[in-house]
Every structure is written in structure tokens, then in C-alpha cells.
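Have a look at the structure below before the remarks.
The values are calculated or read from the model by the stated rules, or taken from the named source; none is laboratory data. A quick note: this is a predicted structure, and the numbers were derived from the prediction, not measured. Methodologically, a virtual Cβ is constructed for each residue, glycine included, from the backbone with ideal geometry; neighbour enumeration extends over all protein chains shown.
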Amino acid sequence: MTVRRWCGPRFVLAVLLVLTGCARGQDPAARFDQEGPIVFTDGPDTSNNRQIKQLVKAWNDVRGSDERVTFVELSYATDDHRAQLRARAQDLAVADPEKFREQCYDVVTLDVIWATEFAEAGYLVPLDGAELDVDLFLREPVRAVTVNGRLWAVPWRTDAGLLYYRTDLLDKAGKQVPTTWAELAAVADELAEGDLAGYVGQFGRYEGLTVNAVEWIWGAGGEVLAPDGSVVVDEPAAREGIEMLARGVEDGWIPRTALGYDEERSLDAFRQGGAVFMRNWPYAYRRLEDGNSPVSGKFGVASLPGPSALGGWNLGISSCSTHRRTAQDFIQFLTSKDNQRRLFQTAGFGPTIASLYSDLDLGRQFPYLEVLKHSLRTARNRPATPQYEDVSEEIQEHVGDALERVDSVDDRVEDLAEELTTVTGGG
Amino acid sequence: MLGVAGGLANAMHHTIIAVDVEGFGARDGPHQTKVREGLSAAVHRAFHHCGLPWSGCRTEDRGDGMLVLVPAHVSSARLVECLPTELAARLREHNATADEQAKIRLKIVIHSGEVLRDRQGYSSPAVVHACRLLDSAVLRGELRNASGVLALITSDDFFTNVVSQNPAVDHRIYRKVAVAEKETRTVAWVCLPDDHEVPRRPRPHPGRHRRERVPLRGRLPRLPVTALTLTLLLLVGGTTGNVFAALPPSGRCAVPVQLNVNVSMEKSRVLRDLAEQFERSTQDDRGCKGVSVQVTVARAPESVIEAIGRGWSGREDVHKVGPEPHVLLPDSGFEFDAAVRALQLSGHDEMVLEDWGPIALSPLVLARPRPPGDLPDPPVQPATWSSVLETAEDNASSSDRRYHRPSPITSGAGLTATIVLYRTALERRLDAEALSARGAPNTLHQVELSVVAGDESGDLLCSTWEHPGASGTVLVSEKAAADYNEGDAPPGAPCAPRTSGSLDITYPRIGTPYLDHPFVAVSWRELPTNPARDRAVRSFHEYLVGPDGQAALRRARFRDRLGDTVDYEGAPQDRPARLGLEKVDVPAVVQAFHDARRAVRVQLLVDVSTAMSVRLPELGGSRLEAAADAVFRTLRSVGDRDRVGLWEFAQGHGGRADHQVLLSIGDGTAQRARESLSRVSVSGRPARLYPTLEAAVLALRSGRPASPEVGDAILVVADGSRNEVGHSQLVEVLAAGEPVPVFLIAFAASVCDSRQWREITQETGGACHEVRNMADIDTALESVATVLWGGRR
């Protein structure tokens, strides 16, 4: 009968509790009081005058070498960025954190599309929402980084695609800002001439292409995956969205070189006066408005003629971190209301603190804050599926191929639908 | 079907393929539609996966099947080697997700012959024969008894002439049969492409090996399995300090092992496909993949090598070049050597590189657009690389016959071409010493004028593609040339799709270097060992060198590790001999390349005072005439991107100034410089140099172009003596701004030793040469050229 007392749920529970306690650094009180130098990663600081670097410097000036932050810039492209973070997290997953302290990325900036994946893989430390005043933040971005009621990261910048346009060129031609993609295509086609492109976006084979593609698909009334998870990208509306884009390349108002563009290259093209329209994130505003920009004063910002994809970057603490107090303090510093206001003013990053969107001064200073607010409200998430990485890769491959030859659109869309069915385990 | 009006005089030879779906008629309407769509897609995709062009084929729907006529120029060997298995695979994919009534099992015939199109469709005795084979009872029976999805029949002719001649096809799986169908009595060959007999391991008799319970002392508590698993997971989770999150939510997959691969542009397309297939091969039975491969394309081998030289820890390396790689796949072993050397030089030993050998091969070839309308005569094959250089030099001045190669900065083929050309030109091993030896910079500069390197942003074949009539010969990899001929745009290049035009491909008889596409495994000393990642790297390597990887690389028109490839339009008859090259100091070659290509602006100042009318003893001409002659010859080294200005000077010669501008440097092409030189003549005035020199320095500085790549220089040809006025002012001006090298070719004696000239040459980094005859002049000009194109001043 001794046997009976060993098995059953109570024993398991006891084991769980003991193990929880024994696991290193798990004592709730001890968890967040270590201070020390930390490494902070984000994408390249492409903001005007390097605002993030300035913030890091401001922190270092005050906190000194005891809590020095070293800023490491990772890749532009979100998939490369994730690849580097994942590889590093995996390498350090079963290692002694003390021994490899310098290799740990204490504070990591995470794209909203893979933040929860990192949480679920055990690469992040769960955070205390109350301590971090998470109620002050926008609801959707917070929800996106909450799993089973636990908060895993703090939203830092939120992003929706915006339409940048040349006010001087539209005025000269007597055109209004388009409110549908079809209108945009028509105006772009009409005004494109010689070295002046009609429209540029992010069409290189990386996550940027997926974002741009879904925006055109949504704009045409289509969708990639239905709410029940079935693949609907081969239905007429979605097909039409892709075809419009491919036709743009064929007819030339989307230049062929744009098939290799990312955010920076398309921004450069528009900034040098090379395009009538550009789709890009909010950060582009400040880069276009700076003193040296050839298009300063000659451009406007509007919502995309359809729903934009919701983007966003969040700050998390890696499990390998041995200086979690400093890490959390630094996160609070970066996401404070003042710093978010400053980052919006100087770098154009969409704030995640709700009250900033009703800040009258800010709105007066930057009328496009209203545009951003509207775009965020109507923005949509990219296809929700645990296999998002694979789904995005398939979209990149097949839409990328379709854009190269407009007469292959039907075949490529069919192929895409097949591949997505396989990849999502549907069909 | 035999309405052959006008005979078969207008018929064309085709490979004839026809397919027939088993039991088509027995299905209802909607399912028949699904079958036809599925069949069409499967055939289409099978063609695509085999690298067979669909666009040239003619097809006819036969209701319960299809007829496909493949034009003669498509390799029937490749077709029969690849198509049956690919088609079977595509059908299996279709069947996997189709419901019972929409599944496909197929009969297929492959034959060849003359085919004519008439009002009723495609006809000819060959098509009839093929249809008879397809409808035969023998083939029906084969499919019925098969466990696979496909039964294939070929005519005796086709088997004899194509199948049995192709060693890549295992013709042992073909069986000879007799066919009797309508009036046709003939011999044919059948096989089941996806139903080979796999010898099975004898199964143990069921029941014999039931698991025996091993008795233990006492009885162990039998914890339920889930509790045990939970406990294990908790232990694992515990060490990451994140207990609860270590549990993936039920139904989701665990995060796969991350494998970061950095691949050359040329392999990017095929590698992305292979990475995806490899990932799929690591899936478990829940469909969760075990490895996730991130493929980053290296836009420039040079930047990858530089990043490696910094241990990949430069501030911009991860974001400009890519995530820290676990596998590098450059185009050539030269790049691997360069990377290893960069690591050695910098002392960064955090990165360790290992070359695991080639995954593919591709020879460097010479490709020239075939003039339209020409019969495809084989191009003239050069004997050696020296012949190639000579021909290139001869054609250098003609813009539509000029030779080109890709930039060695952005292309492995460009780097290999640069190495073989420099090696040939210098006739010795390419180490730093050889590249900077006397005369070498000039020689290399000549190479750069003869075989122009493409610029870093565009793709060379793209411009050939867009303007074939205006393009000369290009040195590219065989893979790139084959892609062009088969109508595929180069990976990553912004070319518009093209439908016609071919390259004639050749290579020197003596042999050509091969790009050997090494697999480089990277490990990082300062990170803990990660056995799962190491296993992933090994598995990925195995996949690439295994049958699937090698087949995909062949289809992408690389040669596999044994040197075999698919057939393609314009392929050379024989396999090019491999030219070995010794170890090369790659960074030194790249530096020499930058130097040899440096664009220059040279301001020529020619003394036309009476002192220049002095006759040179052995020539019978004046100093001025000799100088003009020598400069004229040197203009050969001036390329399209260089500029030459010409001033003549003597005291008061230009009115208030001492100089007259014969050719302003902004307009100064080599041709115009030659024309202007012929107008130079002695003025009968006394000499005066320094004010003119000062004016020239100021003019060059103010007109300075934005690019730091352009080198400026002033070349003075003068008597050189009896100059006093303006020296100190000149030196002030020289010191006050950007240094501009000043070279003096002086006819008088004791000029270069004077304090004045030593000061000038020291201040400017130039040189002074006293000359007495033509040979001296030539030597002086050569050393000027060396400084202009020969490395750090």
C-alpha cells in the first residue's frame, strides 16, 4: 500500500513545488534585485539623429559604469533579427549564466510577431504588469505580449503602415490623395515618368514583403487565412490584390529595383525625390522632415487606402540575464511617458502609452499623430497561426515570384495556396 | 487523326508525352474536374521542378488525359531522367489531400517523332503510335498491379536511342513487352517509376518479442507518464529559470534549432528551396520541424570576409552583413582562404572556420551573345588565357565588342576571373610582392582597361540581356550563362523577363578555373557548445551533398560534386578541363584591383618656352616633340573614367597668366587629349613654372569630385631650370590644402637635386625625373603610372 501514496496528483504537485523552488534564480524575492552592466539589443537605430543611442547615453551618463548599458544593433530585417536572437538564446539556454554573462543579451527588443514564441520557448523572464504600470499602455499591444495572463514584454513602439505622398506632385497634377488602392494605382501610373517611380514599398524577400502583400490583399477585400484557419489566399479578391501589385511592376510604376527594397532603401528612394508614393512605417516621417531631406516640406502622410498591418516592438528580459533589476529599470526608462513622447517627436516612433494620443500639444505639433491613431485603430494583425514563420516564408517566395512576372500570378497564387495548406496542416 | 494534308514536310521533331487517368469515366462530374485540375497542376509542376521549359511545349487536352509535345531542343535525356519520378511525387502530393474519387493513378507514354498541327489538332504517325502504346492492355495491367501511382511505357526506338544511352536512368527497371493494339504490333518497354522493390528486413515473428518486465527489487512506484514528462520538463525548465514557460502549450511545436546560413547570391535561389526542403525533412510526425534555417544572402563576398576578419563583432556586422552564421556557402575556395587569412591577420580567434568540401562546381566560361539570325556556329575557342587577354585588349576600344567580367567585390565569379587574369598577366604567383612589383600596377591597369569589371550594383548579364546587340564577351560562371540561355533571370537581379537570345559559351582549351562552392562550418569559441546545433549543421551538410541536394543543384544548372549537370541550351560539347591555381593572397588582389581601377585626373603642364626647342641628340626632334610623343603613347593607359587636362605655359604666354588652357580637365577624354597634344608648339618665350603650377593645384582642388576613389595628379614636362619666381608662394599653397602629387619630367640637369624641387616632391608625395632621351622619358612616365595605379602613395 506504500506504493499508492507515491503516485497520484499530490505527489506530482509536491515535486513541482520543490523543483520550482530549487530552480536557479526562481526565488521570487531574489529574482529582480541584481544590478549590473547589461547588453541591450534592438534593430539598427535609423531614427533621425540616432535617438535611441542618445537615450542610452543619457542613461549611462546618470547610472555610470556600474549599470552601463551596451547597445548592440541587430539586423534590419525582422527574420534575420529573430534568427540572431534565437541562436544566441539557444546557445545560452543550458549554460551557466555567470560564466557567459557577457554573451547574454539582457534586454531584447522583440517584434510583436514573434514575441510570444520567445516567451513560450523559455527565452524570457515573466514580468510583473502592476510594477510596470501596464494599464497605462494601449490594450492591443499589451494583449499581444500576454500569454495565459502573464506579461512577457513591455510594448515600446507600435507601428502601422502609412502612405507617404508628394504634395507638390499631386497638387501640380490636380490629384487628390487616393482612398483606394485602385485609385492609387491609377495616379501612380499616370504620374510615373522616367526616373520618377509611382510607388515604392518593401518588396524584398523578407518579412517586409509579407507585410506589403497582405496590405494589398486586404485592400482588395481578400485575406490569407480565414478565421477558422483555412487558406483563402487563392480566392478572387486576394488574387486581385496580388495581381494589382504585379501589374504595377509590369507597367513600370513600381520600379523593378523595388523588388529588392527594404524599409531603408524605399525610404531613400522617396527621400531623394524618386517616387510619388511610398508605403512605410511612422519612423520615416522624421527622416523625411529633417533639414537635409530633399523632400522636406513637400510630402504628406495619410492612412493607407486599406487596413495596414500592425507592427510593434516590445522590450523583454532574457532568461540568461543576471542583472534583472537593472534590466527592468532600463525598460521602464525607455518606455516612460516622457521618453515615448520624445521618441515620437524626434524619431516618429508610434507611442504605446495611450494618453499620448490625446495629448493636444503633441497633436498640434504633429498633425499626423491623428493619422497614426486612425491607422492603428483600423490596423490588422498578420495571419494568426503558430506556423507564422513558415506562412510568411511561403508568401515571400510565391508573391516574390509573382511580382517578377505578371503572367505567372495565377500559378503562383495557386502554388502559394497549396503550400500554405501543407504548412498549416490544413486541407 | 490521320488527315495529313501536304505530307509531313512541315512537321517538326518533338518528344511526345501522353497521359491517361485510370478509371476516369467512372467518376462523377465534379470529381472529374478535380482530377483534371490536379493532373494539369501535377504535370506543370513536374516540368518546373525538372527545369524543363513549359512555355515552349504544346499541349492538348484529351478529356481523360493530356498530350504534351516537347520541342526538339529540350533534352530528352533530362526529361526521361527526371520527369517520371517528379510526376509520381506530384501525384502523390495531390492524392494526399484529395478525396477518394479525386485521386489519380496515371499511365504515361514517352515517344518521339515528327508532328504536324492541322485543323483537327496534332497528328502524325508518331502521335498515333504513342496513343496506341498508351491504350495497350499491357500498360493497363501494369498499372492495375502496381502499388505506386504511375506506369510508364516507351517505344522501342525511344528506349534504344534515349533511355538506354543515358547512364543517369536506371534502365534495369524497364521491362520489354509485346504490344498488340488495333493495327499496331510492336515491341515496347514498361516500368513503374515509383514502385521499385525495396528488400524488406525480415520481421520478427509477432509475439516473440513482447516486452518482458524486468523484475526489480521491491516494486517501483508507477508514476503516470505525464507526471514523469512534466517532471523532466520542469527540470529542464528549471535551469533556464523559467519553469512554467518551458512547457509549450499543448498542440504547438517546440522552437526548432536555429541554423543561420550565409549564402552567395548565385546560390541564393536554389539554397532557399533546399533549406525549405531540409526543414521539412526534419519534421516529426506532428509536423513540427526540428531545424529552422535562416538564409541570408551575401550581397558582397568582400563584406563577408571583412566581417569575418573582425570576428563578426564589428558594430555594423550583424545588421549590415547578417546574423552570426553557423554555415557559410561562398562561391569559391578563394573566399574561404581570404576569410581564414583575415582572421589570422586580425587575431580574432573567436570564429573558427572549417572547409567541409564542395557542394557544387561551376566552371568559369566566356559567353558572348549570339548575333540574331546566325546559325549556331560554335564560337572560336581560345587556346590559353593569354589568348583571351590579347583578344580582349584588341577589342577594348570597341564598346560593343569589349570584354567584361563581374565585379570581384560582389561576385565569386568576378573574383575568380580577376585572379586568373591577373595571374596570366603577371606570369607569377599572386602574392603581395608580385602585385606591387615594378611594372605590375601598369600591367594590371591594362587588364582593367581590357576586361572591364562590372559595377557593384548591377548584374552583368542583366545588361547583356537587355542590350544583346551592344554587348561583348563576358566572363561568368557556367551556371549564370546556362540560366541566361534557359530564360531564367539571374537571382536577385532586377532584369525584366526575356524570351529569346542565347549566349555562345566557350573556355580556353588549356582549361578554366572552377568555382568550387565550399561548405564552411563556423563555430564560435566564446559561446558554449551546442550539440543540437552541431548536429543540425552536420545534417544540413549531409542533405546538401546527398542525392536530393545534389539533384536540386544540378537542376539549378550547377555541376554536382562529380562535375555532372543537366543539359542546357548552348552547353559545350565536352566538360571543361579544370585549371588549377596556386594559393593567392586574396586581400592583396582585391587591393590591387581597387588601385588598378582607380580613376584619375591628370593635369598635364607642358613647358613651351624656348628651352624646349632644344634638339635631342639621337632623335632629331626637339625636347617638346619627344615629350609630346611619349605622353601620346602613355594616353593608352587612360580609360573611360579618367580625365586629362592640358595646359601649355611659358612666361606671359597666356597674356596676364603664364599658361594657356588647351584642354580643360572636365572635358578631357583620352581622344581629346591626343588631339590637343598635336597643337602644342614652342612659343619663343622664356620659361616660368611655379605660378602655373600653383594655378594648376588650385584648379584641381576646386574642381574636386565627390568620390574619394579618384586620384589627382599633376604632370609637368619642362626644362626645369632657371625658375625662381613664386616658389615660396607655391609651397604655401601646396601645404594649405589636399595634397596633389606633382611629377616633374625635367630636361635640364641638376633640377631634381635642388632644394626647391625636393621640397615640392616631399610636400606633395610626387617625384622628379631628369631625362636626356626617349628611354628616360618612358621610364619616368611608367613610374608615374605606377604611383597613379599602384597602391598607397
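Which residue pairs have Cβ atoms under 6 Å apart, sit 6 or more places apart or on different chains, and have a first residue in the stretch A:297-312 that is under 24 Å from A:D111 (Cα atoms) and a second that is polar (S, T, N, Q)? Final answer for the pair search is A:S303/A:S375; A:P307/A:T378; A:S308/A:S375; A:L310/A:N381; A:G312/A:T158.
Could you tell me how many of the residues in the stretch A:193-208 are in a loop (DSSP other than H, G, I, E, B), more than 30 Å from B:D273 (Cβ to Cβ) and at pLDDT 95 or above? Residues in the stretch A:193-208 being in a loop (DSSP other than H, G, I, E, B), more than 30 Å from B:D273 (Cβ to Cβ) and at pLDDT 95 or above: 0 in total. For the stretch A:209-229, a residue qualifies if it is within 14 Å of chain B (Cβ to nearest Cβ) and outside any loop (DSSP other than H, G, I, E, B), and exactly one does: A:L209. When B:A383, B:A392, B:A413 are checked against the criterion of being of a type in the set (G, A, S), within 16 Å of B:T506 (Cα to Cα) and part of a loop (DSSP other than H, G, I, E, B), B:A383 stands alone in meeting it.
From the set of residues in the stretch B:22-56 that are crowded, with 19+ Cβ neighbours inside 10 Å and under 29 Å from the mean Cα position of the chain (by Cα), which is nearest to the other protein chains (Cβ to nearest Cβ)? Out of the qualifying residues, it is B:R45. Considering the stretch B:278-299, and only residues there that are surrounded by fewer than 17 Cβ atoms within 10 Å (Cβ to Cβ) and more than 10 Å from every other protein chain (Cβ to nearest Cβ), the residue that is modelled with the lowest pLDDT turns out to be B:D285. Exactly one residue among B:S678, B:S750, B:S702, B:S707 is of a type in the set (S, T, Y), at pLDDT below 90 and on the phi > 0 side of the Ramachandran plot, and that residue is B:S750. So which residues in the stretch A:36-57 are of a type outside the set (S, T, N, Q) and without any contact (Cβ under 8 Å) to a residue 60 or more places away in the chain, if there are any at all? A:P44, A:D45, A:R50, A:K53, A:V56, A:K57 - these are the residues of the stretch A:36-57 that are of a type outside the set (S, T, N, Q) and without any contact (Cβ under 8 Å) to a residue 60 or more places away in the chain. Taking the stretch B:693-747 as the range and being buried (at least 18 other Cβ atoms within 10 Å of the Cβ) and of a type in the set (D, E) as the test, the residues that pass are B:E694, B:D712, B:D719. Just to be sure, is A:R412 within 26 Å of A:W156 (Cα to Cα) and either part of a helix (DSSP H, G or I) or not aliphatic (A, V, I, L, M) (or both)? No, not satisfied. Within the option set B:I777, B:I745, B:I760, being in contact (Cβ under 8 Å) with a residue 12 or more places away in the chain and in a strand (DSSP E or B) holds for one residue only, B:I745.
Taking the stretch B:426-461 as the range and being within 18 Å of B:G580 (Cβ to Cβ) and either small (G, A, S) or surrounded by fewer than 22 Cβ atoms within 10 Å (Cβ to Cβ) (or both) as the test, the residues that pass are B:L426, B:E427, B:R428, B:R429, B:D431, B:A434. Residues in the stretch A:73-94 that are touching a Gly at 6+ places or on another chain (Cβ under 9 Å), among the aliphatic types (A, V, I, L, M) and either more than 7 Å from chain B (Cβ to nearest Cβ) or surrounded by 23 or more Cβ atoms within 10 Å (Cβ to Cβ) (or both): A:L74, A:A77, A:A83, A:A89.
Can you confirm whether the stretch B:233-249 contains a residue that is buried (at least 19 other Cβ atoms within 10 Å of the Cβ), of a type in the set (V, I, T) and at pLDDT 90 or above? There is no residue in the stretch B:233-249 that is buried (at least 19 other Cβ atoms within 10 Å of the Cβ), of a type in the set (V, I, T) and at pLDDT 90 or above. B:E354 satisfies every condition listed in (1) crowded, with 22+ Cβ neighbours inside 10 Å; (2) modelled with pLDDT of 95 or more except (1).
Note on the stretch B:157-193: residues that are without any contact (Cβ under 8 Å) to a residue 24 or more places away in the chain and of a type in the set (A, V, I, L, M) total 1. One residue stands out among those in the stretch B:300-343 that are surrounded by fewer than 21 Cβ atoms within 10 Å (Cβ to Cβ) and among the polar types (S, T, N, Q): the one that is farthest from A:Q90 (Cα to Cα), which is B:S303. Taking residues in the stretch B:313-338 that are at positive phi and of a type outside the set (F, W, Y), and partners anywhere that are at pLDDT 90 or above and crowded, with 24+ Cβ neighbours inside 10 Å, the pairs with Cβ atoms closer than 7 Å and at least 6 places apart or on different chains are B:G322/B:N262.
Residues of the stretch B:493-505 include at least one that is closer than 30 Å to B:R554 by Cα, out of contact with any helix residue (DSSP H, G or I) (no Cβ under 8 Å at 6 or more places or on another chain) and surrounded by fewer than 21 Cβ atoms within 10 Å (Cβ to Cβ).
Contact map, the stretch B:434-450: residues that are over 19 Å from B:D642 (Cα atoms) paired with residues that are modelled with pLDDT of 90 or more and not in a helix (DSSP H, G or I), Cβ distance under 7 Å, separation 6+ or inter-chain. Pairs shown: B:A434/B:R428. Scanning the stretch A:230-266 for residues being outside any helix (DSSP H, G or I) and within 30 Å of B:H319 (Cβ to Cβ) gives a total of 4. Residues that are in contact (Cβ under 8 Å) with a residue 40 or more places away in the chain and surrounded by fewer than 18 Cβ atoms within 10 Å (Cβ to Cβ) within the stretch B:600-621 comprise B:T610, B:S613, B:V614, B:P617, B:E618, B:L619, listed in sequence order.
Out of the residues in the stretch A:267-300 that are of a type in the set (A, V, I, L, M) and in a helix (DSSP H, G or I), which is surrounded by the most Cβ atoms within 10 Å (Cβ to Cβ)? The selected residue is A:A284. Of the set (1) more than 12 Å from chain B (Cβ to nearest Cβ); (2) surrounded by 17 or more Cβ atoms within 10 Å (Cβ to Cβ), all apply to A:G316 but (1). Quick check on my filter: what residues within the stretch B:400-425 are modelled with pLDDT of 95 or more and in contact with a Leu (Cβ under 8 Å, 6 or more places away or on another chain)? Scanning the stretch B:400-425 gives B:T416, B:A417, B:I419, B:V420, B:L421, B:Y422, B:R423, B:T424, B:A425. Of A:E120, A:E98, A:E102, all but one fail to be under 19 Å from B:S292 (Cβ atoms), within 14 Å of chain B (Cβ to nearest Cβ) and of a type in the set (D, E); the exception is A:E120.
Remark: pairs (first residue in the stretch A:244-267, within 9 Å of another protein chain (Cβ to nearest Cβ) and over 13 Å from A:Y206 (Cβ atoms); second residue polar (S, T, N, Q) and crowded, with 17+ Cβ neighbours inside 10 Å; Cβ separation under 9 Å; 6+ apart in sequence or on different chains) = A:A258/A:Q202; A:A258/A:S266.
The set of residues in the stretch A:27-52 being in contact with a Ser or Thr (Cβ under 9 Å, 6 or more places away or on another chain), among the charged types (D, E, K, R) and more than 11 Å from chain B (Cβ to nearest Cβ) consists of A:E35 alone. Being modelled with pLDDT under 80, in a loop (DSSP other than H, G, I, E, B) and at negative phi is a description that applies to B:P202.
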